[in-house]
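The values are calculated or read from the model by the stated rules, or taken from the named source; none is laboratory data. Just so it is clear, the structure is predicted and the values come from calculations on it, not from any experiment. Counting neighbours? That spans all protein chains shown, and the Cβs are built from the backbone with ideal geometry, glycine included. Side chains included, ligands, DNA and RNA excluded: accessible areas come from the protein's heavy atoms. Shrake-Rupley method; radii C 1.70, N 1.55, O 1.52, S 1.80 Å.
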Amino acid sequence: MSYPFSQIEPKWQAFWQKNKTFRTPDQPDSGRQKFYALDMFPYPSGAGLHVGHPEGYTATDIICRYKRMKGFNVLHPMGWDAFGLPAEQYAIETGTHPRETTQRNIDRFRAQLQAIGFSYDWDREIATTDEDYYRWTQWIFLKLYEKGLAYQAEVPVNWCPALGTVLANEEVVDGKSERGGHPVIRKPMRQWMLRITAYAERLLADLELVDWPDSIKEMQRNWIGRSEGAEVTFAVRGSDAKVVVFTTRPDTLYGATYMVLSPEHALIEQLTAPEQRSAVKAYQEAAARKSDLERTELQKEKTGIFIGAYAINPVNGEDIPIWIADYVLAGYGTGAIMAVPAHDERDGAFAQTFNLPVRVVVQPTDGSDPVGFVGDGIAVNSPLIDGLSTPDAKKKITAWLEAEGLGVARVNYKLRDWLFSRQRYWGEPFPVIFVDGEPKPLSPDQLPVRLPEVSSYKPSGTGESPLATIPEWLNTTDPATGKPALRETNTMPQWAGSCWYYLRFIDPKNPGAPVDPAKEKYWMPVDLYVGGAEHAVLHLLYSRFWHKVLFDCGIVSTKEPFQRLVNQGMILGEDNQKMSKSRGNVVNPDDVIREYGADSLRLYEMFMGPLEAVKPWSMRGVEGVFRFLNRAYRLMCDEETGALLPAVGGDATSEQLRALHQMLMKVGDDIEGLRFNTAISAMMEFTNEAQKWTQRPHAAMDAFVLALSPFAPHLAEELWEKLGHSNSLAYEPWPKYDPARLVSDTMEIPVQVNGKLRGKVIVPVGTAQEAILAAAQGEASVQAQLSGKSIRKVIYVPGRLLNLVVT
RNA sequence: GCCGGAGUGGCGGAAUGGCAGACGCGCUGGACUCAAAAUCCAGUAUCCUCAAAGAUGUGUGGGUUCAAGUCCCACCUCCGGCACCA
């Protein structure tokens, strides 16, 4: 027999819904402290919820329920990142409109989430696919355009023939599409780009302002990839062309024995000697055909070709040969490098392959081999800077270059501009038309630009989106001039909608603005943002970027959107492997709820281990917490009849109060520290203790139920009702622990001899060191260790431990 | 290769430099039962022992300290991320 969770849970879910228990008022209450807890909203896939979703959601739900009891005004919303490829793929296969599929999946997700008892304010639900939502996504795009942060460019993009679309760099993993694992090649196409690089410095610097895991901050720093160096201008022998290179080691300029241009470099055409022309062309074509995979994975052997021209080293006037090689990337720096084979691994490997000269210009201070030395040392063979340390040499040579007009100090970033268009149907249309071939943004009152109905969702295959195949939509007129115009047929990537959803939750129905300024000021920033580490760079970088643009537009009041970030760890299958359909180790939360109830699901998700840790699922473990909830129920209720037990009542003894307040202290502290696993174990200890009591004081049971309520809210509400309360406990004050109740009249002091535990003494609280020492010496096991030896030193940590150092 | 994180019983895990293994799972024994399930009670790191006592023990090797899972140095393994960014 177990407690009737299958009756209790739907009962309280209906109650919360009917009474709008978790409705957050529309008008901010500036008299109360706010708490904004946000979950990374899910993509509503056809597979439904898996047990990974409720992990983070349960954590934030516990915090929110706790904060409400602490008197905070809590914002805890949920919505749907509902644009995306799978619904469109399904549409291509079946002809079902992505809107239908998406709606069905959202309904399923919502039902599943509600069955877990999360305290979301469902009146704030949004989906990125709602017209009322994406009109503001488009509106923000217009802001970006206005500020010159959105532009079109003909860029080599990652073209995936199988998906019929281009992909962002981050959607390409090892030269294959992240979704589906299809091969990806490079192809130049006209694309919308967002100038995220203009914000690189702020995106880097403002990481200091947020309370995020170091690992995530570090990943973002690496992604941004700031490096300081210099641009150096090289003249070319027999030409008036100049080649500019970027280097972080201007101090090694004397060691530059050749130069390398990327195969896409603009000056190749002009500089190549006639006799090298055909060979260079062949190399360029071969490089263009290579996918990213081939360029990186098959990099063991460096390739390249001499173009038959010479650059002049500005420091010594030497001629150095100009090569092209695909180990130099077109998209970074100037797409050209000076090669210093003695002090750069890649240049060294290249020089070895092609037998190019190596010249040492940095001497390591520890006497190790200077060839291949890439660290800081002392400049040698470099007349302008000989004897200087690397940092000083960099400064001096850069200053010299600047004075001579041959170079300039320069900061470069690995971060590239964000490729922002997709050749897809199921995404936000761009609020842009083309008049006489020129792009023209629509005015805000033209929004939203709605997705048209189509009969086929297939990409055109030429790289254009299905929207290009609908003439009635494609052809329009410029509202300003009445001239014929064409619509932009690309759509935005899935990241767009998730870049600002946290703002819309604050004011989800505002018809006149993305968010009301007063409400934004009250609720922002997000106090706690919980989600998976897979969004460490992309989503979190993109939304920080948009947020900063909105900050510059005066639309938001904080520099950063997410004050505190926590990544929940992945939940593995029982076999310790990543859950996947093919392994057959996927756990469905619906099954867990059916068998053990939502409260057990919530509790187990939190009891498995630390929130951030990767940990395997165990159905036995679910049974364990289920047994705990049964014990908690039986503490107060007759399992057969459900009636409150006569044992509930009476005055609390001091031991009972100590057990209670110990638990309350631990649970409160642990919730604040997001240590839910140990909070639960403290409640388990309490029930283990309390079930021995013949009298279970009513007030103690009240307090226990309140402490349990953020974790197992359905059971807690039910017990709260049984205990005679008529209102929901959701806004009851959190039970405070009383430090005075924690004290005992005796204490147990472990006794060590030479650091090893030899015994324990129990003495009254406050006993002085001398008395404890005497008691310890009276212990047989301690005595045995002391016989024949003398005590050199006594260490007493008050109330904690006694250590005797003897020889 | 570089950057993060982690290594503790049979398993998940717990420990402000101060009793290693809380809590849960599993297992063993007992109570209840005609029996089983459920529930309750006791035990459960390893070695040696009837037991007590003792010895050993937090990836490996050193070090600091009265005292180290915790701090320092070197290394090994696993996980995550990045990876020709000049």
TODO: Quick one: count up the residues across the stretch A:735-754 that are in contact with a strand residue (DSSP E or B) (Cβ under 8 Å, 6 or more places away or on another chain) and of a type in the set (A, V, I, L, M).
DONE: 4
TODO: Starting from residues that are within 26 Å of the chain's Cα centre (by Cα) and within 16 Å of RNA strand B (Cβ to nearest atom), keep the ones in the stretch A:396-432 and report whichever is farthest from A:GLU231 (Cα to Cα).
DONE: A:LEU419
Task: Selection from the stretch A:1-53 of residues that are open to solvent by 60 Å² or more (accessible area, probe 1.4 Å) and of a type in the set (Ser, Thr, Tyr) - done: A:SER6, A:SER30
Task: Criterion violated by A:ALA282 - all others in (1) open to solvent by less than 40 Å² (accessible area, probe 1.4 Å); (2) away from RNA strand B (no atom under 12 Å from the Cβ); (3) of a type outside the set (Ser, Thr, Tyr) satisfied - done: (1)
Task: Residue match in the stretch A:598-617 (condition: basic (Lys, Arg), assigned to a helix (DSSP H, G or I), modelled with pLDDT of 95 or more and within 23 Å of A:PHE109 (Cβ to Cβ)) - done: yes
- [ ] Would you mind finding the one in A:ASN313, A:ASN355 that is assigned by TED's automatic domain parsing to the domain that holds A:GLU231 and in contact with a Leu (Cβ under 8 Å, 6 or more places away or on another chain)?
- [x] A:ASN313
TODO: Could you please tell me which pairs satisfy a Cβ distance under 8 Å, a separation of 6+ or placement on different chains, a first residue in the stretch A:577-589 that is open to solvent by 80 Å² or more (accessible area, probe 1.4 Å) and more than 16 Å from RNA strand B (Cβ to nearest atom), and a second residue that is at pLDDT 85 or above and not aliphatic (A, V, I, L, M)?
DONE: none
Open item on the list: If I ask for residues that are surrounded by fewer than 21 Cβ atoms within 10 Å (Cβ to Cβ) and either at negative phi or more than 8 Å from RNA strand B (Cβ to nearest atom) (or both), which ones from the stretch A:606-626 would you list?
Closed with: A:PRO610, A:GLU612, A:ALA613, A:VAL614, A:LYS615, A:PRO616, A:SER618, A:MET619, A:ARG620, A:GLY621, A:GLU623, A:GLY624
Open item on the list: Just the residues that are surrounded by 13 or more Cβ atoms within 10 Å (Cβ to Cβ) and among the acidic types (Asp, Glu), please, taken from the stretch A:419-477.
Closed with: A:GLU428, A:GLU464
Task: Flag if A:GLN563 is within 16 Å of RNA strand B (Cβ to nearest atom) and open to solvent by 30 Å² or more (accessible area, probe 1.4 Å) - done: no
Open item on the list: Please go through the stretch A:333-380 and give me each residue that is assigned to a loop (DSSP other than H, G, I, E, B), touching a strand residue (DSSP E or B) at 6+ places or on another chain (Cβ under 9 Å) and open to solvent by 60 Å² or more (accessible area, probe 1.4 Å), ordered by number.
Closed with: A:PRO357, A:THR365, A:VAL374, A:ASP376
TODO: Go through the residues of the stretch A:380-400 one by one and say whether even a single one is acidic (Asp, Glu) and in contact with a Pro (Cβ under 9 Å, 6 or more places away or on another chain).
DONE: no
Task: Given (1) at pLDDT below 95; (2) surrounded by 15 or more Cβ atoms within 10 Å (Cβ to Cβ); (3) not aliphatic (A, V, I, L, M), number of the condition A:PRO321 does not satisfy - done: (1)
Task: Residue, nearest to RNA strand B (Cβ to nearest atom), within the stretch A:684-705, restricted to residues that are in contact with a helix residue (DSSP H, G or I) (Cβ under 6 Å, 6 or more places away or on another chain) and under 25 Å from A:GLU55 (Cα atoms) - done: A:MET684
TODO: Enumerate the strands (runs of 3 or more DSSP E) found wholly within the stretch A:752-807, keeping only those where 3 or more residues are within 13 Å of RNA strand B (Cβ to nearest atom) and open to solvent by 40 Å² or more (accessible area, probe 1.4 Å).
DONE: A:756-764, A:791-797
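Table: residues versus (1) closer than 30 Å to A:GLY673 by Cβ; (2) assigned by TED's automatic domain parsing to the domain that holds A:LYS396; (3) touching a Pro at 6+ places or on another chain (Cβ under 7 Å).
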residue: A:ALA205; (1), (2), (3): yes, no, no
residue: A:ALA230; (1), (2), (3): no, yes, yes
residue: A:TYR254; (1), (2), (3): no, yes, no
residue: A:TYR258; (1), (2), (3): no, yes, yes
residue: A:GLU264; (1), (2), (3): no, yes, no
residue: A:PRO274; (1), (2), (3): no, yes, no
Open item on the list: Among the listed residues A:TYR90, A:TYR57, identify the single one that is among the hydroxyl-bearing types (Ser, Thr, Tyr), open to solvent by 40 Å² or more (accessible area, probe 1.4 Å) and part of a helix (DSSP H, G or I).
Closed with: A:TYR90
TODO: Pairs only if they're at least six apart or on different chains, beta carbon under 7 angstrom, first in the stretch A:309-335 and within 14 Å of RNA strand B (Cβ to nearest atom), second of a type in the set (Asp, Glu) and at pLDDT 95 or above; list them, first residue then second.
DONE: A:THR334/A:GLU231
Open item on the list: Could you check the stretch A:740-751 and list, in sequence order, the residues that are open to solvent by less than 80 Å² (accessible area, probe 1.4 Å) and without any contact (Cβ under 8 Å) to a residue 40 or more places away in the chain?
Closed with: A:ALA740, A:THR746
Task: Which listed residue is in a helix (DSSP H, G or I) and over 30 Å from A:GLU595 (Cβ atoms), from A:ASP132, A:ASP107 - done: A:ASP132
- [ ] Identify all residues within the stretch A:174-229 that are among the hydroxyl-bearing types (Ser, Thr, Tyr) and more than 16 Å from RNA strand B (Cβ to nearest atom); write none if there are none.
- [x] A:TYR199
Open item on the list: For the stretch A:285-302, give me each residue that is modelled with pLDDT of 85 or more and surrounded by 18 or more Cβ atoms within 10 Å (Cβ to Cβ).
Closed with: A:LYS302
TODO: Mind listing whichever residues of the stretch A:481-510 are over 26 Å from A:MET193 (Cβ atoms) and modelled with pLDDT of 95 or more?
DONE: A:PHE505, A:ILE506, A:ASP507, A:PRO508, A:LYS509, A:ASN510
- [ ] Confirm whether A:HIS714 is at pLDDT 95 or above, out of contact with any Pro (no Cβ under 6 Å at 6 or more places or on another chain), open to solvent by 50 Å² or more (accessible area, probe 1.4 Å) and more than 15 Å from RNA strand B (Cβ to nearest atom).
- [x] no
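Every residue, every condition in (1) within 23 Å of A:LEU384 (Cα to Cα); (2) touching a strand residue (DSSP E or B) at 6+ places or on another chain (Cβ under 9 Å), yes or no:
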{"residue": "A:GLN220", "(1), (2)": "no, no"}
{"residue": "A:PHE234", "(1), (2)": "yes, yes"}
{"residue": "A:ALA241", "(1), (2)": "no, yes"}
{"residue": "A:PHE246", "(1), (2)": "yes, yes"}
{"residue": "A:PRO250", "(1), (2)": "yes, yes"}
{"residue": "A:SER262", "(1), (2)": "no, yes"}
{"residue": "A:GLU275", "(1), (2)": "no, yes"}
{"residue": "A:VAL280", "(1), (2)": "no, yes"}
- [ ] Only one of these is touching a Leu at 6+ places or on another chain (Cβ under 7 Å) and buried (at least 20 other Cβ atoms within 10 Å of the Cβ): A:PHE141, A:PHE118, A:PHE109, A:PHE83. Name it.
- [x] A:PHE109
Open item on the list: So, in the stretch A:225-262, exactly how many residues are more than 23 Å from A:ALA287 (Cβ to Cβ) and outside any loop (DSSP other than H, G, I, E, B)?
Closed with: 16
